[in-house]
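Below you'll find the structure, written out as structure tokens, and then a few comments.
The numbers here are math on the coordinates, done by the rules we state, and not lab data. All figures in this text were calculated on a predicted structure; none of them were measured in a lab. A quick note on method: Cβ atoms are made from the backbone with ideal geometry, for glycine too, and the neighbour counts reach across all protein chains shown.
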Amino acid sequence: MIFEGPYDPPDGALRLLNPGPAELVLNRRGSSVWKVRTEAGPYAVKVGYPSRTHAWTALAPAREAAVLRQLTHERIFSGEWEYGTWAAQPWRRGDSLYDRWAPCRKGEAQPDLGEALSCAAALSGLHGMGWVHGDVQPAHFLLGEPDGAFLIDLALSRGGRIPRSCDFPYRGCLVHYEAPEISAGVLDSGTATPTREADVYALGAALFISATGWRHVDYPDGASREDQRWAIVTRPHRPVNVPGVLGGLITRMLSRSPADRPTGAEVCETLSAAR
């Protein structure tokens, strides 16, 4: 059976949230995401289902809910439905890093070091709590909250106990941001181990593409995931043409050796000193 979506919030979510109007904001890769109004404020309801290429996407909402319950005291809801799981969490406002830096890609502005620092601080904060994100990409940093960037989409994160009913192996992330060791692991065995070092590499790749519009490694737009990963494993990253301190920092973050990359905290220190 081919699952396409979008799928409406299941009855279990509706009974718990008693929502008002709902707006579909995303439907791709096995997830329908709705913004719903509730008495407690707006919530994001994620409805997971098997995608054309992955069955684990059906379990992702419940897995993310299990992670969030260990990281926040907010009201997080989750449950099962006919084709997978669903979860609800408070809605996060803001623009993605990629959208916020659109003027940089047009040559109309320079990357904002304060915004880069805010993204690095969000990731470093997660690392400080003993977790790795595993799916760092520009769309997962939201800029606009009063306290700085907010890091979303934690379904692939590792660091605590996850119920067996919603757990699944780590099979890499969006390949455009994978570190070479992650791509190599997936090519070799189908799975990999997410790490803080790989998160930092992905942050470097996210900053680079947001500022320039270029992926960190060159491969054709229509390349298969396997070919993309081979390119990341075997080819050097593109020259980092971002000026100033940020360019030098991104170059270090994209080091092939995990040991040569700065930590998230060191990224924050460098950006703080440069502001």
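Listing for the model above:
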| read-out | value |
| --- | --- |
| 18 Å tail of the calculated P(r), segment 11-90, as % of Cα pairs | 37 percent |
| Charge dipole (debye, nearest 20) of segment 11-90; +1 at Cβ of Lys and Arg, -1 at Cβ of Asp and Glu | 240 debye |
| Burial order of peptide ranges 59-67, 39-47, 257-265 (average beta-carbon count within 10 Å, highest first) | 59-67, 39-47, 257-265 |
| Value at 222 nm in deg cm²/dmol, rounded to 500, when DSSP H runs of n ≥ 4 in the chain each add -39,500 (n - 2.57) | -11000 deg cm²/dmol |
| Quarter of Cα convex hull surface for the chain, i.e. mean projection, nm² | 14.7 nm² |
| Listed peptides 178-191, 219-232 by packing density, highest first (mean Cβ within 10 Å) | 178-191, 219-232 |
| Nearest 10 degrees, 0 to 90: helix 180-189 Cα axis against the chain principal axis | 50 degrees |
| Cα-based equivalent ellipsoid of segment 120-207: semi-axis lengths in Å, sorted from largest, via gyration tensor | 22, 16, 11 |
| 26 Å tail of the calculated P(r), segment 134-275, as % of Cα pairs | 23 percent |
| Sequence-distant residues sharing a close amide H with Ser78 (under 5 Å, placed H) | Ala88 |
| Förster radius 30 Å - calculated FRET efficiency between Asn18 and Ser272 (Cβ-Cβ, nearest 0.05) | 0.10 |
| Cα-only Debye scattering, segment 1-134: base-10 log of I(q)/I(0) at q = 0.14 Å⁻¹ | -0.76 |
| Farthest toward positive dipole pole in the chain [+1 Lys/Arg, -1 Asp/Glu at C-beta], among Gly128, Val186, Gln70 | Val186 |
| Local net charge near Trp214, Cβ-Cβ under 11 Å (Lys/Arg +1, Asp/Glu -1) | +2 |
| Length-normalised contact order of the chain in % [C-alpha pairs under 8 Å, at least 6 apart] | 15 percent |
